[in-house]
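Okay, structure first, notes after.
The values are calculated or read from the model by the stated rules, or taken from the named source; none is laboratory data. Remember, predicted model here, so these are calculated numbers, not experimental data. Note that each Cβ is placed from the backbone with ideal geometry, even for glycine, and that neighbours are counted across all protein chains shown.
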Amino acid sequence: MVFVAKVHVVVRDNAEHVTKAMDEARMRSVGCLAHNLELCIRTGLESQQSIDDAVSTCRRIAAHFSQSTLAQDRLKEIQRTIPGLELHTILQVTHGILHRSNQCSCNCLIDEVSS
């Protein structure tokens, strides 16, 4: 049981129904900074057509690998040859893709894996 008198503030996302529920409960609430920051970054990235295209292409590639065990095996072989490949988060992966996009197109990765 939550005692409303002991709640100083509720951290929430910006969903309309959540905001409305907090207002109706007369509970002080604030939007989550991390959630707001992620939304700003996503909006900024999606506003750049070249970045949006690169991320869309990479999502299609990721979907291909998640559906094909043959492609996964081949990708693991390729990854073993790349020193220091230890990207852990989606943000790091996206950053790496965008950083390297001028040096190597996504098509060369597809060609390499499908051969």
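The set of residues in the stretch 26-51 that are under 16 Å from VAL7 (Cβ atoms) and exposed (fewer than 12 other Cβ atoms within 10 Å of the Cβ) comprises ARG26, ARG28, VAL30.
Candidates ARG12, ARG60: the one that is touching a strand residue (DSSP E or B) at 6+ places or on another chain (Cβ under 7 Å) and either in the same structural domain as LEU75 (by TED's automatic domain parsing) or basic (Lys, Arg) (or both) is ARG12. Filtered by the rule that a residue be modelled with pLDDT of 85 or more and either assigned to a helix (DSSP H, G or I) or touching a helix residue (DSSP H, G or I) at 6+ places or on another chain (Cβ under 8 Å) (or both), the stretch 1-12 gives VAL10, ARG12. All of ALA34, ALA63 fail the test of being at pLDDT 80 or above and closer than 30 Å to VAL9 by Cα, apart from ALA34. For the stretch 30-52, filtering for residues that are of a type in the set (Gly, Ala, Ser) and part of a helix (DSSP H, G or I) leaves 3.
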